[in-house]
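Taking it in order: structure first as structure tokens, then the write-up.
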Amino acid sequence: MKKLLQSDWVSRLLDGLLPVFATLAALLVGAVMLLFLKVNPIEAYLSLWDGAFGSANSLAETLVKATPLLLVALGICISFRGNVINIGGEGQMIVGAILATWVGLKFTNLPGWVIIPAAMLTGFLGGAIWGGIPGFLKAYFSVNEILSTVMMNAIAVQLMNFLLRGPMIDPAQAELASKIPQTARLIEAFRLARFVPTRLHLGVLIAVILAILVYILLWRTTIGYRIRAVGHNPHAAKYAGINVKRYIVLSLLLSGAFAGLAGAIQVYGVNYRMITDGSASGFTGSAGFNGIVAALFGQLHPILSIPASILFGALLVGANKMQRVVQVPSALVIALNGLVVVFVVSSEIWRRRRQRQRLAAVREEETASKPGQVQVAEKEAKG
Amino acid sequence: MISDLFSVTVLIGILASGIRLATPYLYAAVGETFSQRSGVLNLGVEGQMLLGAFAAFYVALTTGNLWLGMLAAMIVGAVMGLAMAYVTVNLQAQQGISGIGFYLFGLGMSDLLFQKLMGTVETVKGFPRIYIPGLSDIPVLGEIFFNHNLLVYLAYLLVPVAWFVLNKTTLGLKIRAVGENPDAADSLGVNVARVRYFTIILGGTLSGIAGASLSIALLNVFQQNMTSGQGFIAVALVYFGAWRPVGVLGGALLFSMVNSLQLWMQVKNVPIPPDIAVMLPYVLTILVLVVTVSRVRAPSALTKPFEREE
Amino acid sequence: MKKFVWFFTLVVTFALVLSACGGTAATTEPAAPPTEPPVEATEVPAVPTEPPAAPAEPFRVAVVMPSAINDLAFSQSMYDALVRVQEEMGGPSAFEFVYSDGMFVVDDAAAAIRDYASQGYDLVIAHGSQYGSSLQEIAPDFPDTSFAWGTTVDTFGLPNVFAYEAASHEGGYVNGVLAATLSTSKVVGVVGPIETGDAKLYVDGFKAGVAATDSTVQVNVNYIGSFSDVALASEAATTHIAAGADVMTGTAQMVVGAIGKAEEANVLWFGTQSNQTSLAPSIVVASQVYHWEVVLNEMIGLIKSGTLGGQSFVANLANGGEVMEYNPDYPLSADAKSLADETIQGIIDGSIEITLP
């Protein structure tokens, strides 16, 4: 038994490091591409490392990048556990950010300790609305959530464009002929505290705390249990007396809410205003998509999503640094990210395989004496 | 003014331009229908379209042969499909995420190749509009239906063909069986992996053609990120069409025609802000689904990897 | 493990094939962009060329821009200008520049700007109005580095920030005057991205030019809500043509789709930002082209003399920062040409005032 536990520990560590190995493998392929662009891959990757972890500032940038990824990932953990696919993170971030920004611009006479929490909450609510609508449509009108979230992303972008060049435009810009589509800046009292001189802001802490809360929600509360039950087997859940429709709405709603909060934090911690370049990613930095990837890297587990988001954030930040140092087109950076995603998600098979081996080992050991335990282990493996 | 919208010119315009705009959606969404029917969600359509669009454009530009361009788009799409198939079938990777990976790869790679191989935006002489003696001359109808290029017609021809293959052939039966109940299909001797490989590669090939239909038939130009989210709309349309080619056709036409309607609304000075007009096709697509509550179930095995019980 | 090896081999092969094309071309690709068609500048650019007094160190510039350097629009106009400045100043030994393209994500751009600044570049250019907020925050941290932000007029009152913009309504106005003159159907179509910034300025100027020339000409405007949707831009053009337009214009990188439709229907086209003649030599009449080097040279001169910012520059017809480039293959009548020249002269001497909405 002791030997088993030890090998268990090693194999779990290997599991944890799997995304790192897979990322390295993807970068190896990227090295071939770099060679063809007449760039020294070693120099390129050293700069990537330097950009992601090389200094206090790089590390801070990595964490700043990881924050929205983690928040979106937390929402994804909930919705995927509930077996609904939310690819509407981009739109939910935007709507959350719009509402939160509105609060900060409207009530400038209130103190920061009122406005900041209120804004985070409105951001959360905004995302909840934008995620709740597809949830409602799925539960009660059988509208597939992939379809509705894709469409809602596009609608949110146009809504943002409309508001930022019209009703919410910076009064200073409204005067100018060029009319840059941005809101006014948040007053200083409303900005999230920063660890100067870097851009690292309080939002990082909020995200980590929420990761723990989501873990508790999913595994220590009835609501979480029901979300997972509905996700695992809706028919059985229905049979057990759970209102399946309500939990479908709830899991998409919560998922959207975390994305909305991510949007609010981007405004209050990083940009201090909303600006649009006409697309979603100009504001979100594609965190609505990349957060899904981070969640999967973290095996849909809120706590594991923390290192996963940091890894992915580091890659995004570091690759941009690499672009600057070796002067390759930023298109290469995007292609490289794609490779990393494919490699990491493919590497999952070894984790699953080892999990199955562990399961088999437990089975062998316990045989029929304690069938309960096997079931638990089985459940874990599936969950 | 809204009343200006009620004229024959506008009607012809909306229908004809809807038919054109629907073309890339049709190729990509019919391809996606095949792969989803066999149980695989491919979110990488956008990336396959972009690489297909570039390959078609570049080959057509350098060789001057449109058919070679088409071939290149198909090969690139098929290779992307092959990689996707390997990752999702053999490595049993989470399908949605692998798709996002392939999307990013295609987005970056097409732009990189565009910058390195071409340097600037260029144009190519694409598939011309086909003049059909007699038909093209019919007033109104001729302008709407018989004034398009070859790839537009082929896209519409694809719909009945896809319907036939899916519903009336052994292959289609196998595809549906694999998507609904892979274990049962397997026990009946169907090679689940091979069927899925086939559908994913077919989907990739069709996405490649979808890209080509933009770059060497409808637009005759390549620009970075030129598909601008169309691949994702195509995936959404598969759900709209409830996994049936005819439903996909309906969704593609609805979305595209509302899109051209909003263009006309702006041209005719209907007093709404342009951003709100642009929202229309997205809002209406959702609304139509809400109104016509569909009870069609997704293929049971969709997004679930298959592993033989040994 | 075997599976992994297979997968790896597959991807490597694929990457090799793809990059092989990229690689071989990279070697043959000329360093400078393709030569432009002969240009007929209507205004002799009043470029204050700084004589390179054998500098020991090259002048180093970093630029951050939202789309690709070959978009034939906003980003390319800056890239081309930097290449021209480099040529004027005597090559990379006197003037060297690096760039980050595709920085459409605002906070990625912010990281890039900060990074370039910390590396001691003489001038860091944030080429996109959406970067202003970031610059406002970063510039005070690097008092010895000069920053430039466009397109805007706002330097935030900071001593090390230059602002620059293009008076795109001026070229828009000239294009509008010509469009109204050349249109026989009295309908003119415009394709735009979203109704803000440089695009709005250009379109408003264009409309004013049309209205001043012939008030019976109707201008239909279509904002398609995207900078990248080439297909929708192309259908917008088709819609304009069906609505009777025989002259069109448009702005931003997705209009390359619209130009093709114009050519197919033999409808005239007016370009802006970069010279778009090469896309459809038979129907492009003229393009308003940004020559940012006028602005850049002034900034560089000031920086060399110790002024790091606090001023804003406008590229316009008067200073040659905007040049009307005519398509030599398009048979523009002498009357129309002289009308355009008069209009340009009028804008320069102030006798024509462009009223924007």
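The values are calculated or read from the model by the stated rules, or taken from the named source; none is laboratory data. None of the values given here were measured: they were computed from a predicted structure. Using ideal geometry, Cβ is built from the backbone for each residue, glycine included, and neighbour counts are taken over all protein chains shown. Ligands, DNA and RNA are excluded from the accessible area calculation, which covers all protein heavy atoms including side chains. Shrake-Rupley method; radii C 1.70, N 1.55, O 1.52, S 1.80 Å.
For segment A:192-215, the criterion of a residue being away from chain B (no Cβ under 14 Å), within 29 Å of C:Ser133 (Cα to Cα) and polar (S, T, N, Q) is satisfied by at least one position. Identification of helices (runs of 4 or more DSSP H) wholly contained in segment B:1-115 with 1 or more residues that are farther than 30 Å from A:Ser347 by Cβ and free of Cβ contacts under 8 Å to residues at least 60 places away in the same chain yields B:8-37, B:45-63, B:66-85. For segment B:124-133, state whether one or more residues are out of contact with any Gly (no Cβ under 8 Å at 6 or more places or on another chain), hydroxyl-bearing (Ser, Thr, Tyr) and under 30 Å from B:Gly13 (Cα atoms). Yes.
Tallying residues that are in contact (Cβ under 8 Å) with a residue 40 or more places away in the chain, part of a loop (DSSP other than H, G, I, E, B) and either in the same structural domain as C:Thr181 (by TED's automatic domain parsing) or buried (at least 18 other Cβ atoms within 10 Å of the Cβ) (or both) within segment C:268-314 yields 10. Say whether the condition of being within 30 Å of B:Glu307 (Cα to Cα) and either at pLDDT 95 or above or facing another protein chain (nearest Cβ under 8 Å) (or both) is met by at least one residue in segment B:55-63. No. Taken over segment C:82-109, the residue count meeting the criterion of being assigned to a helix (DSSP H, G or I), in contact (Cβ under 8 Å) with a residue 24 or more places away in the chain and closer than 22 Å to B:Asp111 by Cβ is 5. Between A:Ala60, A:Ala52, A:Ala25, the distinction of being over 30 Å from A:Ala193 (Cα atoms) and open to solvent by less than 80 Å² (accessible area, probe 1.4 Å) belongs to A:Ala25 only. Assess whether A:Val72 counts as being away from chain C (no Cβ under 14 Å), open to solvent by less than 10 Å² (accessible area, probe 1.4 Å) and not small (Gly, Ala, Ser). It is true that A:Val72 is away from chain C (no Cβ under 14 Å), open to solvent by less than 10 Å² (accessible area, probe 1.4 Å) and not small (Gly, Ala, Ser). Just to verify a result, which residue in segment B:270-310, among those that are open to solvent by less than 20 Å² (accessible area, probe 1.4 Å) and more than 30 Å from A:Ala280 (Cα to Cα), is nearest to the other protein chains (Cβ to nearest Cβ)? Per the criteria, the residue is B:Pro299. Screening A:Lys138 against (1) open to solvent by less than 10 Å² (accessible area, probe 1.4 Å); (2) assigned to a helix (DSSP H, G or I) leaves a single unmet condition, (1).
Return the pairs, sorted by first residue and then second, in which the second residue is open to solvent by 50 Å² or more (accessible area, probe 1.4 Å), the first residue lies in segment A:202-229 and is assigned to a loop (DSSP other than H, G, I, E, B), the beta carbons are less than 6 Å apart, and the residues are 6+ apart or on different chains. These pairs meet every condition: A:Leu202/A:Ala193. Of all the listed residues (B:Leu151, B:Leu141, B:Leu91), the sole one being among the aliphatic types (A, V, I, L, M), touching a Ser or Thr at 6+ places or on another chain (Cβ under 7 Å) and under 23 Å from B:Ala22 (Cα atoms) is B:Leu151.
Note on segment B:47-84: residues that are surrounded by fewer than 24 Cβ atoms within 10 Å (Cβ to Cβ) and touching a Lys or Arg at 6+ places or on another chain (Cβ under 9 Å) total 2. The residue that is nearest to A:Val326 (Cα to Cα), counting only those in segment A:1-15 that are at pLDDT 75 or above and either open to solvent by less than 50 Å² (accessible area, probe 1.4 Å) or in contact with a Pro (Cβ under 7 Å, 6 or more places away or on another chain) (or both), is A:Asp15.
Residues satisfying the criterion are present in segment A:82-94 (criterion: in contact with a Phe, Trp or Tyr (Cβ under 6 Å, 6 or more places away or on another chain), in a helix (DSSP H, G or I) and not aromatic (Phe, Trp, Tyr)). One residue stands out in segment A:292-341 among those that are assigned to a helix (DSSP H, G or I), aliphatic (A, V, I, L, M) and more than 13 Å from chain B (Cβ to nearest Cβ): the one that is surrounded by the most Cβ atoms within 10 Å (Cβ to Cβ), namely A:Met322. Checking the structure you have, find out if any residue of segment A:8-17 is within 12 Å of chain C (Cβ to nearest Cβ), of a type outside the set (Lys, Arg) and assigned to a helix (DSSP H, G or I). Scanning segment A:8-17 turns up no residue that is within 12 Å of chain C (Cβ to nearest Cβ), of a type outside the set (Lys, Arg) and assigned to a helix (DSSP H, G or I).
Taking C:Gly120, is it in a loop (DSSP other than H, G, I, E, B), of a type outside the set (S, T, N, Q) and out of contact with any helix residue (DSSP H, G or I) (no Cβ under 9 Å at 6 or more places or on another chain)? Yes. For segment C:124-143, a residue qualifies if it is in contact with a strand residue (DSSP E or B) (Cβ under 6 Å, 6 or more places away or on another chain) and more than 8 Å from chain A (Cβ to nearest Cβ), and the qualifying residues are C:Val124, C:Ile125, C:Ala126, C:His127, C:Leu135, C:Ala139. All of C:Val221, C:Val210, C:Val187 fail the test of being open to solvent by less than 10 Å² (accessible area, probe 1.4 Å) and either away from chain B (no Cβ under 11 Å) or of a type outside the set (Asp, Glu) (or both), apart from C:Val210.
C:Asn266: in contact with a helix residue (DSSP H, G or I) (Cβ under 9 Å, 6 or more places away or on another chain) and either within 9 Å of another protein chain (Cβ to nearest Cβ) or not basic (Lys, Arg) (or both), yes or no? Here the answer is no, as C:Asn266 does not meet what is asked.
Only residues that are more than 13 Å from chain C (Cβ to nearest Cβ), buried (at least 24 other Cβ atoms within 10 Å of the Cβ) and part of a loop (DSSP other than H, G, I, E, B) were counted across segment A:236-280, and they come to 0.
A quick yes/no check of all residues on (1) touching a strand residue (DSSP E or B) at 6+ places or on another chain (Cβ under 7 Å); (2) modelled with pLDDT under 95; (3) at the interface with chain B (Cβ under 8 Å from one of its Cβ atoms):
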residue	(1), (2), (3)
A:Ile146	no, yes, yes
A:Val150	no, yes, yes
A:Ile155	no, no, yes
A:Ala172	no, yes, no
A:Leu176	no, yes, no
A:Lys179	no, yes, no
A:Gln182	yes, yes, no
A:Arg185	no, yes, no
A:Glu188	no, yes, no
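Within the span defined as segment C:112-129, one or more residues are under 22 Å from C:Lys200 (Cβ atoms), open to solvent by 10 Å² or more (accessible area, probe 1.4 Å) and not charged (D, E, K, R). Restricting attention to segment B:116-130 and to residues that are in contact (Cβ under 8 Å) with a residue 24 or more places away in the chain and among the β-branched types (Val, Ile, Thr), the residue that is farthest from the other protein chains (Cβ to nearest Cβ) turns out to be B:Val124.
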